[in-house]
Amino acid sequence: MHKNRICITKQMKIKFSTLLITLILLIPKCVDAFYFKDIPIFLKLYENDTLSEKNNIPIIKYDNGKSAFPAAYVYDNIWSTTKPNPYPKSITYNDSILKITLISDSSQFSLPGEGRITSPYGWRDGKFHEGIDLDIYHGLPVHALFPGVVRMSKSFGGYGRLVIIRHDNGLETFYAHLGTIKVKAGQRINAGDIIGTCGNSGTSRGTHLHLEIRFKGESINPAHLISIEDHSLKYKTILLRKNDGHYFVYHEDALLYKIKRGDYLHKIANEFGTTVRKIRETNDIPKNGILRAGQYLSICL
Ligand SMILES: [Zn+2]
């Protein structure tokens with residue numbers, strides 16, 4: 001279960017009903033005003049629609065021209081060659097929805113290597129797996145996803161031999177358990193450049209590549225950005241929404257649905273003509289229905 005999500009159980013519903021009745025008896029007018037105006041909202045996010053303007057979705061500003069580091073503006077000019085996550089939580093405080101252009105004519109994409117996903121992003125054995133594991137043969141090259149500058153290039157704890165790249169698009173990628181490292185901190189690289197070879201260093205049971213994609217230190221599910229099976233990047237432009245300490249990826253054509261109390265996945269799926277499985281996959285919801293009122297679900301139709 002996700003650490004910050006609450007499972008809506010029957011018991012909680014009963015408790016909630018009791019609380020609601022108590023409140024109604026005590027302050028009926030306030031309850032009316034509060035609950036019945038808290039209706040779900042359906043947001044369709046387009047680049048130039050009025051909603052984007054109203055919500056003032058910030059578009060990531062890239063290199064400010066005054067720093068050698070990509071996306072320095074986004075990271076408050078913080079740059080570390082020794083710490084994987086040197087960022088204070090405060091740099092994420094004002095984020096709600098951010099728009100990121102992942103690739104452009106001068107900024108392309110490459111897969112890190114050929115190999116199926118052997119371990120997905122999310123909870124695993126009571127620990128949160130912040131990336132995906134790719135089954136790549138020992139000694140095969142590992143490639144940078146996007147252009148950027150190497151921020152860190154050294155052994156670090158359980159990561160083993162680790163390369164971290166700050167990309168021009170504002171994302172950071174981590175390549176862990178490498179056998180060899182071929183780049184140095186501060187080195188400028190392009191998408192597809194070889195940054196090392198796949199190995200088994202650090203806390204690793206067998207050769208594989210552990211790949212993380214992060215934004216301001218918070219992890220993003222790589223499977224929401226790239227399709228390993230199709231060897232492709234899923235979207236040219238994405239919206240990132242901060243959600244319980246992680247950033248969720250939304251496609252611009254996705255609907256955002258705000259969960260209300262009493263919602264369950266079958267009901268939402270029926271409402272939108274989609275499937276529970278699809279909603280779970282898009283939003284990283286494990287089995288047994290874990291929803292929290294007020295959170296957003298991305299609904300891809
Ligand atoms: Zn892993």
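All of the numbers you see were taken from the coordinates with simple rules; none came from a lab. Just so we're clear, the structure is a prediction, and the values are computed from it rather than from any experiment. Don't worry about glycine lacking a Cβ; one is built from the backbone with ideal geometry, like all the others, and counts go over all protein chains shown.
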Among the listed pairs LYS236/LYS278; LYS83/LYS287; LYS154/LYS287; LYS184/LYS278; LYS182/LYS278; LYS184/LYS216, which are separated by more than 30 Å between their Cα atoms? LYS83/LYS287; LYS154/LYS287; LYS184/LYS278; LYS182/LYS278
Quick one: grab the alpha carbon gyration tensor of the range 59-252, order the square roots of its eigenvalues as a ≥ b ≥ c, and give me rounded if a/c is under 1.5, else prolate or oblate depending on whether a/b is larger than b/c. rounded
Measuring from its Cα centre, the range 59-252 shows a charge dipole (+1 at each Lys and Arg Cβ, -1 at each Asp and Glu Cβ) which, in debye to the nearest 20, is 540
Taking placed amide H atoms and a strict 5 Å upper bound, the residues 5 or more places from TRP123 or on another chain that come that close are HIS129
Taking the mean number of other Cβ atoms within 10 Å as a proxy for protection, how do you rank 276-285, 86-95, 190-199, 145-154 from highest to lowest? 145-154, 190-199, 276-285, 86-95
Would you pull out the residues with amide H under 5 Å of THR118's amide H, same chain only if 5 or more places away, H placed 1.01 Å from N? ASP133, LEU134, ASP135
The set of residues whose placed amide H lies less than 5 Å from the amide H of LEU140, leaving out same-chain residues fewer than 5 positions away, is CYS198
Can you run phi through the Karplus equation (6.51, -1.76, 1.60; θ = phi - 60°) for the range 71-87 and list ³J(HN,Hα) in whole Hz, with x for Gly and Pro? 6, 4, 4, 5, 9, 6, 6, 7, 8, 10, 9, 10, 10, x, 10, x, 8
Here FRET efficiency (C-beta to C-beta, ASP135 to TYR264, R₀ 30 Å, nearest 0.05) is 0.25
Listed residues ASN190, ILE100, GLY158: farthest to the positive end of the dipole of the range 59-252 (Cβ charges): GLY158
